[in-house]
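Contents: one structure, followed by commentary.
Every number here is computed from the coordinates shown, using simple stated rules; none is lab data. It should be emphasised that the depicted structure is a prediction, and the values quoted were computed from it without experimental measurement. Using ideal geometry, Cβ is built from the backbone for each residue, glycine included, and neighbour counts are taken over all protein chains shown.
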Amino acid sequence: MELASYLAGERWSDHPACTHPLLAALARLVNDNVGDETRAALVPLVPSIIGLAGDDLRVDARIALRCATTALPVAAAERQLALAVSVLAAEEMLARLDGAPPGRLSEESRRALEEVPHAAEQARRFSRAAKISEKGFRRYAAPNAVQLAVVGIVQACVADPDALLRRLLEETIADCAAMIQPTTAGPASRVPVSAPARV
């Protein structure tokens with residue numbers, strides 16, 4: 001993120017104005033939780049996050065959803081409920097912002113929740129009883145989903161958590177580009193998120 005601030009001509013900072021704050025938070029978390037080789041491989045992604053800024057809450061919800069659906073199928077059991085709640089909260093927020101009926105689920109969310117049926121059922125009961133405000137979602141729920149997802153992947157029993165974290169960052173960047181710069185986003189924004197990366 002400091003390199004992004006430099007390339008964008010901003011003051012040197014790991015919180016540059018040129019990048020959506022939640023995307024920047026994800027980038028910092030991924031950077032801090034991968035090995036040196038993967039960290040070096042993240043450098044080519046820096047130009048792609050410059051200019052991905054804005055205050056549309058749909059972007060926060062999409063980032064939270066991507067993170068939660070990626071981590072949920074691989075996370076340890078003690079993290080699954082919180083991640084399943086994060087999936088449902090992000091879907092609810094997107095439905096609310098789009099004027100769609102509540103309860104709508106994307107295919108990625110449906111697949112991720114099917115991987116953890118017990119946690120999914122608990123999450124549905126919790127979500128029916130708890131409604132979140134847009135301000136609360138942006139300030140607490142979305143950042144918590146990102147944090148939970150990264151920690152869940154780092155601690156997951158997968159062959160290569162670094163590869164999964166890198167893929168998560170790449171796909172989240174593509175999601176944000178598709179929303180913020182729709183004319184320049186490519187098909188990478190539609191990569192499935194339910195299966196762990198194999199490298």
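Annotation: peptides 135-141, 90-96, ranked by per-residue average of other Cβ atoms within 10 Å with the highest first, follow the order 90-96, 135-141.
Distant-in-sequence amide contacts of LEU52, defined by a placed amide H-H separation under 5 Å and a gap of 5 or more residues or a different chain, comprise HIS20. At q = 0.14, 0.18 Å⁻¹ the log10 of I(q)/I(0) for region 48-187 amounts to -0.62, -1.02, computed by Debye summation with a single uniform scatterer per C-alpha, solvent ignored.
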